[in-house]
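A short worksheet on the structure shown next.
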Amino acid sequence: MTERVAKQTRLSGTNLERAGDHNQRVTLHAIRVNGPITRAELAQITGLTAPAIANITKRLLTDNLIQEAGRRRGGRGQPATKLVINPDSWFSIGLNVDRDHITMLVLDFEGRVRARASREVMFALPKDVEQFFRKGVGKLLAKVGIESDRLVGIGVALPDDMPRAALPQQPANYGIWASTDVPALLHDALPVPVFVENDAAAATMGEMQFGLGKKHQTFFYILITAALGGSLVIDGNHFRGATGRSGELGLLRGRDATGHERQIQNIVSLSALYSRLAAQGITVSEPSELTALDEKGRAIVSAWIEAAVDTLIEPVVAINCLMNPEAVLIGGRLPAGIVDQIANRLNQRLETWKGSIPSTAPVSRAALSDDAPAVGAAILPFSHRLLPTRTALMKTAAI
């Protein structure tokens, strides 16, 4: 067995009869994650027989889902052909709706964002999202020359119970989201399957597929947006909990600078940071403006970072004790430099806990950009149509 295969995550196929669809999905995902890859390596990773891999890859080539990418040399005999995903085979739309923005993108099967549109809008209502989608989706597809019949679907990422966060300036009619049928909202504009997911869970799925999730099999994801969310990945599986509401970090209670008890998403969030700045006469309307603040503004941001770390340290310690993750990742719309400061300060604070708790996982910035929820949402249609479930697929290699 080659060193390359020995270090890879092992994928689980089956040689049972009538399992062709599952095995094809497993093989396709193995190529997607590990390509360029040879058929012999695919057999080792999936546990499928060489003839089974030969038949499956033949079908995938015929269906244009994969393509050959040259030959691997260095061994005896005829060089082995390497296989890769065909990025132009299928596409999906990812839509992220949050309390302060709407973002839409086109994702190819290889995971690259081909086109993107975003609008900074506070507390967008369903009619605003429908209008943004109707006006923008055709333009995005035309921009990259994609016909709608090459779409596997639309994935939508939005916070659960959006009105529950009770953020500053939240309008009274924002509660309409609780009764909104999101798939129906979009289906008339583009009649393809629509899949809806919590934004933190979607961001985590994006990180699992294209970010540090390929390195860490067990991690906790903190999503800092207009509010605060969280999500768990355990042994390579996104863990939803008994009622699908695991990782609800923002709903925990903490005390703000005045000593008042509040949901911690009202302390650690973009909206909380904007409110701090506004109280000192500094108006910020989008995250990119945080990198252009003057000395006074930077001092306010630094004070907020310390408040955020004070608020997050106990939940992060609890995550370490209860979950024992390999890493705690922070994603969201904050500029990278601010996220790095939060991560560094949390790591410094965790040093004081060493020796009193069994282990502490490093905190770091997630690999994906602030579009992580939209990217993760765009993966949902691919997962439904072409890829195996993570539970059936991912196992730690024991080789």
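The values are calculated or read from the model by the stated rules, or taken from the named source; none is laboratory data. The structure presented is a predicted model; accordingly, all values stated were derived computationally and were not measured. Quick reminder, even Gly has a Cβ in these numbers, built from the backbone with ideal geometry, and neighbours come from all protein chains shown. Protein only, heavy atoms only, side chains kept; ligands, DNA and RNA dropped before computing areas. Shrake-Rupley method; radii C 1.70, N 1.55, O 1.52, S 1.80 Å.
Remarks
- Residues of the stretch 215-273 that turn out to be under 20 Å from the mean Cα position of the chain (by Cα) and among the polar types (S, T, N, Q), as a count: 8
- Members of the stretch 209-223 found to be in a helix (DSSP H, G or I) and surrounded by fewer than 17 Cβ atoms within 10 Å (Cβ to Cβ), listed by number: 214
- Matching residues in the stretch 253-299 - criterion: being in contact with a strand residue (DSSP E or B) (Cβ under 7 Å, 6 or more places away or on another chain) and open to solvent by 70 Å² or more (accessible area, probe 1.4 Å): 253, 255, 261, 262
- Residue under evaluation residue 168, criteria (1) closer than 30 Å to residue 329 by Cβ; (2) without any contact (Cβ under 8 Å) to a residue 12 or more places away in the chain; (3) not hydroxyl-bearing (Ser, Thr, Tyr), criterion not met: (2)
- Of all residues in the stretch 35-54, those satisfying the criterion of being in contact (Cβ under 8 Å) with a residue 24 or more places away in the chain and open to solvent by 20 Å² or more (accessible area, probe 1.4 Å) are 35, 36, 39, 40, 44, 47, 49, 52.
- Residues of the stretch 90-112 include at least one that is open to solvent by 50 Å² or more (accessible area, probe 1.4 Å), touching a residue at least 40 places away in the same chain (Cβ under 8 Å) and aromatic (Phe, Trp, Tyr).
- Number of the condition not met by residue 57 [criteria: (1) assigned to a strand (DSSP E or B); (2) open to solvent by less than 10 Å² (accessible area, probe 1.4 Å)]: (1)
- Some residue of the stretch 194-204 being acidic (Asp, Glu) and open to solvent by 30 Å² or more (accessible area, probe 1.4 Å): no
Conditions (1) surrounded by fewer than 20 Cβ atoms within 10 Å (Cβ to Cβ); (2) assigned to a helix (DSSP H, G or I), marked per residue:
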residue: 331; (1), (2): no, no
residue: 340; (1), (2): yes, yes
residue: 343; (1), (2): no, yes
residue: 349; (1), (2): yes, yes
residue: 361; (1), (2): no, no
residue: 364; (1), (2): yes, no
residue: 367; (1), (2): yes, no
residue: 377; (1), (2): no, yes
residue: 380; (1), (2): no, yes
